[in-house]
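Notes for the one structure printed next.
The values are calculated or read from the model by the stated rules, or taken from the named source; none is laboratory data. As the structure is a prediction and not an experimental result, all values here were calculated from the model. Note that we place each Cβ from the backbone using ideal geometry, even for glycine, and neighbour counts take in every protein chain shown.
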Amino acid sequence: MLSVLTLNVQAASLARAQRLLAWLDARHDDVVILTETSNGPGTAHLLDQCRAAGRHVVHTRTQDGDRGCALVSRLPLSVRRDLLPEVSLPGRAVTVTLQTNPAVTVLGLYVPSSDRASAKVAKKRAFIASVLDGLRHLNDEHRAQMIVGGDYNVITRDHQPRYPAFLPFEYDFLDGLAQLGLADAHQELHGDVQAHSWMGRAGNGYRFDYLHTGAALTGKLDTCEYLHEPREQKLTDHAAVAATLRICVDEETRAYEPLAAAAPLF
């Protein structure tokens, strides 16, 4: 089985990074997509400890202090910067191919958030367009073997409760993934359940975090759940999304060193 998790770490401080490491260590996921990473000491500590424990870590520091995306894997991988070469914000997209059987490509995304300020809308629109354009340029066979996940900062058209503030291009992102054969993993398994991954100040829920699977992988989905412990334990303000797939993994290639073997913060 292949296990994949995505979690927004809310630009973790050093103290929260240590607690996040303990939570991740207890789960043993093969691949973890971390969104809203930063260039600060919390993200650096988290990723350094993962490397020290033998994990494969892919993270591009942004030049302007923008938040980003990282990927941590217990399995060997190849970094695939060639697959989305024109993405507008490279620090917010991570693409790797795992050494599984069959090989699976994972794309981690942290889509920009936006209010209605024109600059933020333009940044989000350009990023979404560049991701969809890159995916369209892949052949069908490659997309069929993909997992896409992360914090998309968009909701579905039929989201409950309804929120009128989202713009057409934001809904179009999820439509575009579906048109490219990438299925919403949670909806495939729990189509009648409205999940939420982030809660507003008034307690209103939004589903911003997702995992999508290509056509060859959707039938291999075993589980997909929203995990609220990170949010409830105040490790971050998002729930995680975790999925397992019936994909053959070579046990001898997995890294098993515990993340908790990290040096103490103080």
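Of all the numbered requirements in (1) in contact (Cβ under 8 Å) with a residue 60 or more places away in the chain; (2) of a type outside the set (Phe, Trp, Tyr); (3) buried (at least 16 other Cβ atoms within 10 Å of the Cβ); (4) not in a loop (DSSP other than H, G, I, E, B), ASP29 misses one, and that requirement is (4). For the range 119-130, residues that are farther than 17 Å from PHE166 by Cβ and buried (at least 16 other Cβ atoms within 10 Å of the Cβ) total 1. In the range 196-233, the residue that is farthest from GLN145 (Cα to Cα) out of those that are at pLDDT 95 or above and among the aliphatic types (A, V, I, L, M) is LEU227. Candidates are the residues of the range 87-109 that are assigned to a strand (DSSP E or B), within 14 Å of GLY214 (Cα to Cα) and of a type in the set (A, V, I, L, M, F, W, C); the one that is farthest from the chain's Cα centre (by Cα) is VAL104. So how many residues does the range 53-82 have that are at pLDDT 95 or above, among the aliphatic types (A, V, I, L, M) and either in contact with a Phe, Trp or Tyr (Cβ under 8 Å, 6 or more places away or on another chain) or not in a strand (DSSP E or B) (or both)? Looking only at that region, the number is 1. For the range 228-257, filtered to residues that are over 19 Å from ALA26 (Cα atoms) and in contact with a Lys or Arg (Cβ under 7 Å, 6 or more places away or on another chain), the residue that is surrounded by the most Cβ atoms within 10 Å (Cβ to Cβ) is LEU245. If only residues of the range 26-43 that are modelled with pLDDT of 95 or more and hydrophobic (A, V, I, L, M, F, W, C) are counted, the one that is nearest to MET1 (Cα to Cα) is VAL31.
For the range 53-73, the condition of being surrounded by 19 or more Cβ atoms within 10 Å (Cβ to Cβ), touching a His at 6+ places or on another chain (Cβ under 9 Å) and on the phi > 0 side of the Ramachandran plot holds for none of the residues.
On the given criteria, is HIS159 of a type outside the set (A, V, I, L, M), within 28 Å of LEU21 (Cβ to Cβ) and either assigned to a loop (DSSP other than H, G, I, E, B) or at pLDDT 95 or above (or both)? Outline the logic, then answer.
Details: of a type outside the set (A, V, I, L, M): yes; within 28 Å of LEU21 (Cβ to Cβ): no; either assigned to a loop (DSSP other than H, G, I, E, B) or at pLDDT 95 or above (or both): yes.
It is false that HIS159 is of a type outside the set (A, V, I, L, M), within 28 Å of LEU21 (Cβ to Cβ) and either assigned to a loop (DSSP other than H, G, I, E, B) or at pLDDT 95 or above (or both).
Filtering the range 183-197 to residues that are in contact with a Lys or Arg (Cβ under 8 Å, 6 or more places away or on another chain) and either polar (S, T, N, Q) or over 18 Å from THR244 (Cβ atoms) (or both) leaves GLN194, HIS196, SER197.
If you check ASP115, ASP140, which single one turns out to be of a type in the set (Asp, Glu), surrounded by fewer than 14 Cβ atoms within 10 Å (Cβ to Cβ) and within 26 Å of ALA240 (Cα to Cα)? Answer to the check: ASP115.
Residue-by-condition table, conditions (1) closer than 21 Å to ALA178 by Cα; (2) among the small types (Gly, Ala, Ser):
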{"site": "SER114", "(1), (2)": "no, yes"}
{"site": "LYS120", "(1), (2)": "no, no"}
{"site": "LYS124", "(1), (2)": "yes, no"}
{"site": "ALA129", "(1), (2)": "yes, yes"}
{"site": "LEU132", "(1), (2)": "yes, no"}
{"site": "LEU138", "(1), (2)": "yes, no"}
{"site": "HIS142", "(1), (2)": "yes, no"}
{"site": "GLN145", "(1), (2)": "yes, no"}
{"site": "VAL148", "(1), (2)": "yes, no"}
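When the test is whether a residue is at pLDDT 95 or above, in a loop (DSSP other than H, G, I, E, B) and not hydrophobic (A, V, I, L, M, F, W, C), THR236 passes it. Taking the condition crowded, with 21+ Cβ neighbours inside 10 Å, on the phi > 0 side of the Ramachandran plot, in a strand (DSSP E or B) and at pLDDT 95 or above, does GLY150 pass? When the stated conditions are applied, GLY150 passes them. Which residues, counting only those in the range 24-49, are over 17 Å from the mean Cα position of the chain (by Cα), within 21 Å of THR244 (Cβ to Cβ) and not small (Gly, Ala, Ser)? ASP25, the sole residue that qualifies. Across the range 119-140, the qualifying residues are those that are free of Cβ contacts under 8 Å to residues at least 40 places away in the same chain and not in a helix (DSSP H, G or I), and the one among them that is nearest to ALA93 (Cα to Cα) is HIS137.
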